[in-house]
Amino acid sequence: MVIKFSLTDELCALVLVTRSETKVIKYSLSLSQTLRMLKTSDLLLLLCLIGAASALYKQWIPDTNFENKTNWDKDDVPCGSDTVQFPAQRKVSVFVETSHAVREMRLPVDGEFILNSGAGFYVVSGQEPGCGQGVTTKFKDSEALQWFNPALWQAAATLDDLLHGQVLFSVHEESVPCQHDDVVFKDRSSFRVDTSSNLPNIPVKSVSVLGKKFESSSEFSKYLSSCSGQLQFHGSSAVGVGSQGCGDPSGCECGNSVNHMRICGTVKCGSLNCKTALLPVGHCCKVCGAIVTIKFSTTFNLQNYRQRVHHLFLIQPKYKSIQLGMSKVFKSQELLRIIPFGTTPEIQVVILDGDKGTLAENLAGDIVKDASSHGSSLGITEAEFQASSGGSSNNSGSNAGVVVGAVFGVFILILLIVILVILLRKGFVQMPSMPSMPSMPSMPSMPSMPSMPSLSRFKRHSDVGELGGTLDHGYDNPMFDRPNMMPDIPGLYGTETNTSISMTQSGVHFVNPVYDDNETDFNA
């Protein structure tokens, strides 16, 4: 049964929701009469969740249950001698498991009680035995609990693991529900969560609330618009269900990187005492431990490998304190460590031991050795690790990845050279010309110094064209191309020392009488 309350000065309106009908009752009754009537309740739906082997389940940890001691400022559930007070201007949805005696109850402007079978409130006359003189107990404000706070979620591979507390460790981005995950809000409980995001929609595979699993977008949108949905979910973004489960056996990208700063804004990093702190992809804080990087082929299965690591290593007593998170990440690739040319998928295994990283380094070494020995059957081509204690290792199950990387790098280099040559030939890119030396006037008894031709001039005077053919001069110049066609004037082209014009293979030269040794008086 859901009891909806909205208070004015004298009038209290309650909405009683059962499976068959909804009744709205308006009344002005005493508190004692009201609470006695609320003992009538209905059974809530049971939890019925069927998990898929390829999905992770992310469960919201906080609740707004009446019986939860942490929800009260006195860290204890109110009893019959106490006054119960809810924040007046806050909205709240409270699940009530059993019946409770109270002296007085001060309700907020907008809220609801979700009553389990047999649950309710009643007023006792006098003091309840064992309750003491009575105090005013305030319900804590849950308005600030955020969806993108990693500390408020726990993850498990299966529903059974989730129910038995066998939770998984993840980097901060993946501690929050990913786009392929099933979101679970605990059965027989209520909550209030701020779903503000950097995007208008938060995609997930499914959402389970009060035992009902929503997998249809339209169905869950109707629930969000209901009274309970508006009290439980609030914020600038809406949670959208209907995303497909991860169909890649090697794992899928989480999709929370767009909210990385929002996620890290809720995380407080602690002090470290290890030699070299490491920063895993998707994590907000540097850690002491080890990071194993695994390169894989198409036969790799992330879920199977996660189970293998658990059964081979994590069940060993010496690794009991280890936290291990495994996920698929995308790392950027750089040619010659300078030019980015895309990303490559890798499996990141983050290992934390809470100390200086020595124990984590030992486990990382065991994992890399196992990958080296059985990599071909597991779909692992290469595995290496870095440790905060300073150790590292690189054991490849196959050298194919290294060979492919080297070949790809050489191919890119050759391609760049070919493109440069084509651009030079087409004239889009020009080689820088060498600076020309200015011609110096010839001193007496000294020949004039020719200027150094630039590359562009050399190209212009060459008889070879750009494509290797004969250079087209356009038209013949009888003065320079055919010297024998010049008029036969005696002494004009002679070789005597006193000629003013001489002709050589390089062209026609004129002698300037100002600098001629033989001319002593050019005004005569």
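The values are calculated or read from the model by the stated rules, or taken from the named source; none is laboratory data. Bear in mind the structure is a predicted one, so any value in this text is a computation, not a measurement. No Cβ is skipped: glycine too gets one built from the backbone with ideal geometry, and neighbour counts run over all protein chains shown. Keep in mind that these areas ignore ligands, DNA and RNA; they rest on the heavy atoms of the full protein, side chains included. Shrake-Rupley method; radii C 1.70, N 1.55, O 1.52, S 1.80 Å.
Observations, loosely collected:
- Applying 1/(1 + (r/R0)^6) with R0 = 60 Å to the Cβ-Cβ distance of Ala238 and Leu424 gives a FRET efficiency near 0.60.
- The largest-to-smallest principal axis extents of the Cα set in the range 138-238 are 34, 34, 30 Å.
- Label sites at Asp75 and Leu413, each approximated as a point 7 angstrom past Cα along Cα to Cβ, lie 6.6 nm apart.
- More than 18 Å apart - percent of Cα-Cα pairs taken over the range 128-173: 59 percent
- Dipole of the range 246-377, positive end: most advanced residue of Thr344, Ser297, Ala364 [Cβ charges, Cα centre]: Ala364
- Check: the range 150-197 dipole with +1 on Lys, Arg Cβ and -1 on Asp, Glu Cβ, in debye: 260 debye
- Amide H contacts for Thr136 (H built 1.01 Å from N in the peptide plane; partners 5 or more residues away or on another chain; cut-off under 5 Å): Thr83.
- Figure note: Ser117, Ser170, Ser190 ranked by solvent-accessible area, largest first, 1.4 Å probe, ligands and nucleic acids not counted: Ser117, Ser170, Ser190.
- Extended-chain gain in nm, criterion 0.36 nm per residue less alpha-carbon gap, Arg90 and Lys275: 61.8 nm
- Pairs with C-alpha atoms separated by more than 22 Å, drawn from the list Lys91/Lys222; Lys58/Lys331; Lys58/Lys205, are Lys58/Lys331.
- Each part gets one Cα centre, and for the range 233-248 versus the range 249-303 those centres are 22 Å apart.
- Compared with the alpha-carbon gap, the fully stretched path from Glu104 to Phe330 is longer by 75.6 nm at 0.36 nm per residue.
- Take every pair of alpha-carbon atoms less than 8 Å apart whose residues are at least six positions apart; their mean separation over the length of the range 106-208 yields a relative contact order of 28 percent.
- Overall form of the range 83-161 per C-alpha gyration tensor (a/c, 1.5; a/b vs b/c): prolate
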